[in-house]
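Below is one structure, written out as structure tokens; the observations come after it.
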Amino acid sequence: MMRMRGVAVSFFLLTITNSFAAIDTTRLEAKPVYGREVNAITELLRAYHFRKIGINDSLSSRIFDRYLNELDNNKSYFLDADIKSFEKYRFAIDDFTRQENVQPGFEIYNIFRKRYLQRMDYVLNTLLNQTFDYSANETMETEREKLPWPKTKEELNEIWRKIVKNQALSLKLAGKKPEEIKETLRKRFDRFAKSMMQVNAEDVFSAYMNAITEAYDPHTNYLSPKDTDLFKQGMSLSLEGIGARLQTENEYTKVFEIVPGGPAAKSGLLAPNDIITGVAQGLEGEMVDVIGWRIDDVVKLIKGPKGTLVRLQILPAITNAKGPAKEISIVREKVKLEDQAAKKKVIEYQQDGRLQKLGVITLPSFYMDFDAYQRGDSDYRSTSRDVRKLIGELKAEGIDGLVMDLRNNGGGSLMEAVELTGLFIKEGPVVQVKNSLNKVEVLPDDEKEVFYSGPLVLLTNRFSASASEIFAGAIQDYNRGVVFGESTFGKGTVQSVYDLKRVIPSAGEPLGELKFTFQKFYRVTGSSTQHKGVTPDILMPSALDASKYGESASENALPWDVIKPVMFQKAGNITPKTIAQLNQSFKDRMKFDANLKKYSADVEELKKTLSQTKISLNETVRKQEMDEAEKKKSSAKMDTKISVSGDGMPVNTLEKMDDEFLREGLLILSELLTKRIG
């Protein structure tokens, strides 16, 4: 389905008697100011973007492909003949831009709009009047982006027959009756058509501009006047909701990230990659089908006053599209600084007749209360201040070692990453920052005191990003602690926002803003955190393919590179021998530890599920797949017993937990304490 943002509207069920394509011949036209904006934006990017490239034929080709992908990434609207007719623009977008002309964007979009309405007409007036054969052994490809564009109308019709049959089968397996299925689908596709007819020129310009800006890198974006307001609201965390960041993938709304400390995170009911298919208000509200809705309209349904309940219908990532839909309930709250703050706990672990006290600090983000700081409040909250206080309390409780949990920490304040590193090392450089003028600034820790000098393990996963990667990279480079988990996200860049009114002061129209990348992070060794992220010393099995999750998933991501290293004094706590021994112990546990073996098997199963792009349209096969997926999901709980001896005998137990990731981090910390290895 279309990734282009449309407008979702409320309406009564209508009987469709006319062709949308026939009754709507509107052509969307560019406003004069758009040409001035596109020229100003490309000039700003040429001057200030980190990549320092002007718009040329090569970039024009990249923009062309991105725009087509933005409109029809699943190749289910355009015909091959359409694409060939657009080829005249492939190497001409740069020329049009210099002439302050956005014609290619609008010309391509108007054809897309026509094809889109033709598809809706075909679904509503033809496919929904058919009876599907659910006993036929056929499958549907869910990711068509690498397949060729359909050459004929008949080929396109077959693609859409399978799309609609798949949606009908999903409703049938959810217990819907034939008349309910037809009504649900008619409402859904009628809404799609009406949404398309409400797309305006600003929506088209925004999509075209983002094809241009994101050709530089995925974090460089055009923010329309409306998007600018939403961006500022998001930065201030002033809206109330469930604490989840969403994205559009084909016709679905997918959970991209769970905000630490938010209602969704506290409930444990929603996870990254879950698909939201319906939203309902309160205990009795009707479940509204949101398949195909634009992302900001889904967000509007989910957000609401603090203390109210929202129900979501989801397809859990662990079962993918094969599993049954599940309904969950979450009470809305504001995501407060307190909820995102660092937290501690102590886990007692009996090892070889000795009680070990293992401290754990969970760090959801790198935060700082700027308002309190600017007011002159000497007791303002920040990551480094809070962690210093928590470590002090853990010391008083007599901990033997510390685990810092950075999983799902998407970053935040750069200076807080530097300050936090300073708690664990003597004075020295922490990170290098290079700007678009190739000037490098070294950000140091000037504090000579090492606040915590004991054994240290850091936990990372694929969603540990930005400031998390700076901290983890510095701890690893200084040999100060052991990094355990998954390779990190790989976002090693900094963005700035530029108001277009500064360069087009007398436009006479509302103007948007340009968010662009202007700096890049480098470790003290000279290695960038961009693209590659931080590779742990000990790798935990992961279901997340780097080509789909993380910075490297974008073909336009800035590359990994190296600059000159800076002088620094390693702490020497962790040696190559230490890492080798810990890795060997981890490999031994992979062979003998029942919990770790089960975790690894579950990861492989999830990896297989996430990689599958074909789905059965046979009712019996699909039902079997759903039952199997549900069984696997229900058996996902971990046993709490662990084995640490070579023969695999269970000799110790940890505090009851179903977090195998943390459990392994604690075992690594315990081994550092017990064997004094290194």
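Are any residues in the range 518-557 farther than 23 Å from Asn408 by Cβ and touching a residue at least 12 places away in the same chain (Cβ under 8 Å), and if so, which ones?
Our first condition is that a residue be farther than 23 Å from Asn408 by Cβ; within the range 518-557, this holds for 518-520, 522, 524-527, 555-556.
Passing the criteria: Phe518, Gln519, Lys520, Tyr522, Val524, Thr525, Gly526, Ser527, Asn556.
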Met540 being assigned by TED's automatic domain parsing to the domain that holds Thr460, within 30 Å of Ser453 (Cα to Cα) and not β-branched (Val, Ile, Thr): yes
Flag if Lys343 is in contact with a Pro (Cβ under 9 Å, 6 or more places away or on another chain) and more than 28 Å from Tyr116 (Cβ to Cβ): yes
Extreme residue, farthest from the chain's Cα centre (by Cα), among residues of the range 339-398 that are farther than 20 Å from Gly422 by Cα and among the basic types (Lys, Arg): Arg354
Residue count, the range 361-380 (criterion: surrounded by fewer than 22 Cβ atoms within 10 Å (Cβ to Cβ), out of contact with any helix residue (DSSP H, G or I) (no Cβ under 6 Å at 6 or more places or on another chain) and modelled with pLDDT of 85 or more): 1
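Residue by residue, here is whether (1) farther than 26 Å from Ser487 by Cβ; (2) touching a strand residue (DSSP E or B) at 6+ places or on another chain (Cβ under 8 Å) holds:
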| site | (1), (2) |
| --- | --- |
| Lys343 | no, yes |
| Ala372 | yes, no |
| Arg385 | yes, no |
| Lys389 | yes, no |
| Glu393 | yes, yes |
| Met404 | no, yes |
| Gly412 | no, yes |
| Phe424 | no, yes |
| Val433 | no, yes |
Filter result for the condition that a residue is over 25 Å from the mean Cα position of the chain (by Cα), under 30 Å from Asp588 (Cα atoms) and of a type outside the set (Val, Ile, Thr), over Gly473, Gly481: Gly481
Hits in the range 503-521 - residues which are under 12 Å from Tyr48 (Cβ atoms) and not in a strand (DSSP E or B): Val503
Any chance Arg113 is over 28 Å from the mean Cα position of the chain (by Cα) and surrounded by 15 or more Cβ atoms within 10 Å (Cβ to Cβ): yes
Output for the range 47-82, where each listed residue is surrounded by fewer than 17 Cβ atoms within 10 Å (Cβ to Cβ) and of a type in the set (A, V, I, L, M): Ala47, Ile53, Ala81
Residues that are farther than 26 Å from Phe518 by Cα and in a helix (DSSP H, G or I), drawn from the range 457-475: none
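Condition first: under 32 Å from the mean Cα position of the chain (by Cα) and of a type in the set (A, V, I, L, M, F, W, C). Now tell me which residues in the range 94-110 satisfy that. Explain how you work it out, then say what you get.
Here is the first cut: in the range 94-110, the ones under 32 Å from the mean Cα position of the chain (by Cα) are 94, 97, 102, 104-110.
Correct list: Val102, Phe106, Ile108.
The values are calculated or read from the model by the stated rules, or taken from the named source; none is laboratory data. Bear in mind that the values here come from a model prediction, so they are computed numbers and not experimental data. All Cβ positions, glycine included, derive from the backbone under ideal geometry; neighbour counts span all protein chains shown.
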